[in-house]
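Visitor: Just passing along the structure, written as structure tokens.
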Amino acid sequence: MTETTRPPHRIRIHAADNVAIVANDGGLKAGTAFSDGLVLVDTVPQGHKVALADLAEGDAIVRYNVVIGYALKALPRGSWVHERVMRMPTAPGLDGLPIATVKPPALAPLEGYTFEGYRNADGSVGSRNILAITETVQCVAGVIDFAVQRIKAELLPKYPNVDDVVGLAHGYGCGVAIDAPDAVVPIRTLRNISLNPNFGGEVMVVSLGCEKLQPERLLPPGSIPIVDRRGEAAGSDELDVVCLQDDEHVGFMSMIDSVMRQAEQHLVRLNARRRETVPASELVVGVQCGGSDAFSGVTANPAVGFCTDLLVRAGATVMFSEVTEVRDGIDQLTSRAATPEVAAAMIREMAWYDAYLEKGRVDRSANTTPGNKKGGLSNIVEKAMGSIVKSGSAPITGVLAPGEKVAQKGLVYAATPASDFICGTLQLAAGINLHVFTTGRGTPYGLAEVPVIKVATRSDLARRWHDLMDVNAGRIADGEASIEDIGWEMFHLMLDVASGRKKTWAEHWKLHNALVLFNPAPVT
Ligand code: CA
């Protein structure tokens, strides 16, 4: 059906809601009449809210069965309800929250699903076979970039089972207060990224020499699992470090030679890795959204939530994140915690982040972007309600502080900023082998370290960005597919992508964003 013939269509999430969003591409003009007699008082853009009842000044505006704001003036039925005509509620307190009160019925196990992955010595499973070069400090980034180009051109063709070579460049490592308590966050993030399942335990470090973040501090003895490689003697615990300031280096090319010589040793071992059939429970999937619009919480995120439940039923690990996008729904999360300890950890992370934002004299409302608002999301409360649905309905079994590595199965809350690049970086550290990213406004986001499956919230975006979006959840709003249909499609796509049978569009075009470490500690 073309847009010119598509009848006026609006979507209400919950029966108690007094607003709905306009679904039609291009929005609807003032005077448009819906089949039930509702007539638009104003022109309402796509994804924006329309009042379903007469609202008086001060009345609660309800979406997702949650108060997302209060009317700043009378809004007759059919009015456009946007951020300038509503006041945002205050954030819920962190005391007296419901703790582990919701006991969802146990989800039936989902058995028999497998993928082809790279089994690691520490028990984790990779979806790609990548040589990662860990950098202790930003100073070496240019040298590594140069070396990586040479490795790709001269060495990689000799090792066809290795997918890629990636320098783990970042902005940290020196000029920072490294003994500040919060420095633990960027340091453990970088350590745990080096141990991501896609790198096969082949940790290789390049250091400058004089930097604050010394290699032994980044990866102390015992932090790398000792690998017994196919009958060879167990690997030594000695860290493989190339130090650019070493006396042995005379001239730039001698540095490059050192990096390439060391890299080749790792490539030989990585090249011997083979995919094997493993259960779907070995997936570790990180979900996040970015460039959100009002459809995010209607199409893509509920479909991700359905898929999250499928993954949990299959015994996999799924993590959701983005503190400022769950803060307003904290009561929903503490009540879904599997144990009081999990709820307490959730509250601890929210309190830490509240204090962090307060230090910068802002609150969680600093999250929303001009694009969010243009896409119909009036404030952070509305955005958060649409974001939380990515977590599905399973009990929450664990909480990770920023940069920590996941150690359990099931649904895990990994506390991260909502910033797309920082969230992705912290989820890499948490040990994801797949990343799912939903977007309404559109972003070409990608990661060099793990495949990113991108999900469009609207068909218009999926059509225009047909070679950037992997899944079109907009078909839900179009009435062409159900939330369950898209959720299953994502689940099967994840198994294909994790197996290397399919590449995501970001992989196809080699699009990836920089690692951005979260450093809440001072720089010097
Ligand atoms: Ca995000």
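The values are calculated or read from the model by the stated rules, or taken from the named source; none is laboratory data. The model shown is predicted, which means the values in this text are computed figures rather than measured ones. Methodologically, a virtual Cβ is constructed for each residue, glycine included, from the backbone with ideal geometry; neighbour enumeration extends over all protein chains shown. Only protein heavy atoms, including side chains, enter the accessible area calculation; ligands, DNA and RNA are left aside. Shrake-Rupley method; radii C 1.70, N 1.55, O 1.52, S 1.80 Å.
Visitor: Among LEU357, GLY222, GLN149, which residue has its Cα positioned farthest towards the positive end of the charge dipole of the chain, with +1 placed on the Cβ of Lys and Arg, -1 on the Cβ of Asp and Glu, and the dipole taken about the Cα centre?
Guide: LEU357
Visitor: Quick one: length gained pulling ALA407 to ALA56 fully straight, 0.36 nm per residue minus the C-alpha distance?
Guide: 121.3 nm
Visitor: What is the distance in Å between the Cα centres of segment 385-450 and segment 253-296?
Guide: 17
Visitor: Whole number in Å², please: accessible area per residue of the chain, 1.4 Å probe, ligands, DNA and RNA not counted.
Guide: About 39 Å² of surface per residue is accessible.
Visitor: Note down the relative contact order for the chain as a percent, whole number, built from C-alpha pairs under 8 angstrom at least six residues apart. Walk me through the numbers on the way to the answer.
Guide: Values: 1202 pairs, mean separation 93.6, N = 524.
Averaging sequence separation for qualifying contacts and normalising by length gives 18 percent for the chain.
Visitor: For the chain, give the magnitude of the charge dipole about the Cα centre (Cβ charges: +1 Lys/Arg, -1 Asp/Glu; no others), in debye to the nearest 20.
Guide: Here the size comes out at about 1080 debye.
Visitor: Heavy atoms only, 1.4 Å probe, whole protein assembly: order MET319, MET88 by accessible area, highest first.
Guide: Of MET319, MET88, the descending order of accessible area is MET88, MET319.
Visitor: Residue-wise, which Karplus ³J(HN,Hα) couplings in Hz belong to segment 180-187, taking 6.51 cos²θ - 1.76 cosθ + 1.60, θ = phi - 60°, and x for glycine or proline?
Guide: 4, x, 6, 5, 4, 5, x, 5
Visitor: Measuring from label point to label point, each 7 Å out along Cα→Cβ, what is the ARG274 to ASP246 span in nm?
Guide: 3.4
Visitor: Just subtract the alpha-carbon distance of LYS503 and ARG6 from 0.36 nm times their residue separation and send over the number in nm, one decimal.
Guide: So the chain would gain 175.5 nm between LYS503 and ARG6.
Visitor: Something else about it: For the chain, what is the percent of antiparallel DSSP beta bridges, rounded to the nearest 5?
Guide: Approximately 40 percent, going by the DSSP bridge assignments.
Visitor: ALA481's amide H: which non-local residues (gap 5+, or another chain) put their own amide H closer than 5 Å, with H modeled 1.01 Å from N in plane and none for Pro or chain starts?
Guide: ILE476
Visitor: Taking square-rooted eigenvalues a ≥ b ≥ c of the alpha carbon gyration tensor, is segment 370-524 rounded, prolate or oblate, where a/c under 1.5 means rounded and, failing that, a/b exceeding b/c means prolate?
Guide: It comes out rounded by the Cα gyration axes.
Visitor: Further, regarding this structure: Any idea how far apart HIS492 and ALA106 come out in nm if each label point goes 7 Å out from Cα toward Cβ?
Guide: 3.0
Visitor: Can you work out the FRET efficiency for the pair ASP122 and ALA344, with r the C-beta to C-beta distance and R0 = 45 Å, to the nearest 0.05?
Guide: After rounding to 0.05, the efficiency reads 0.95.
Visitor: Note down the nm distance, to one decimal, between modelled labels 7 Å out along Cα→Cβ at ARG463 and at TYR70.
Guide: Taking the two extended label points, one gets 4.2 nm.
Visitor: Would you mind calculating the gained length between SER223 and ASP257 on full extension (0.36 nm times residue separation, minus the Cα-Cα distance), in nm to one decimal?
Guide: Here the segment from SER223 to ASP257 would lengthen by 9.5 nm.
Visitor: What FRET efficiency comes out for the pair SER365/VAL523, r = Cβ-Cβ distance, R0 = 30 Å, nearest 0.05?
Guide: Efficiency computed from Cβ-Cβ geometry: 0.70.
Visitor: Follow-up question, since we're still on this one. Looking at segment 29-97, which trypsin sites (Lys or Arg not before Pro) are in a loop (DSSP not H, G, I, E or B) and have at most 14 other Cβ atoms within 10 Å? Intermediate results must be reported in sequence, preceding the final value.
Guide: Values: sites: LYS29, LYS49, ARG63, LYS73, ARG77, ARG84, ARG87; in loops: LYS29, LYS73, ARG77.
Hits after loop and neighbour filter: LYS29, LYS73.
Visitor: Let me ask another. Tell me whether segment 117-191 comes out rounded, prolate or oblate; compute the Cα gyration tensor, take square roots of the eigenvalues as a ≥ b ≥ c, and use a/c under 1.5 as the rounded threshold.
Guide: The shape class here is oblate.
Visitor: Within the chain, what whole-number % of the accessible surface is contributed by carbon and sulfur, with the 1.4 Å probe and all protein chains included in the calculation?
Guide: 54
Visitor: Also: Does segment 118-276 come out rounded, prolate or oblate, given a ≥ b ≥ c as the square roots of the eigenvalues of its C-alpha gyration tensor, rounded meaning a/c under 1.5 and, failing that, prolate meaning a/b above b/c?
Guide: Since a/c reaches 1.5 but b/c is at least a/b, the shape of segment 118-276 is classed as oblate.
Visitor: What's the longest piece of the chain with no exposed GluC sites (Glu not before Pro), counting a site as exposed if DSSP puts it in a loop and it has at most 15 other beta carbons within 10 Å?
Guide: The segment 249-479 is the longest one with no such site.
Visitor: Counting only residues 5 or more places away or on other chains, whose amide H sits under 5 Å from the amide H of MET204 once H atoms are built in the peptide plane?
Guide: Sorted by chain and number, the residues that satisfy this are THR134.
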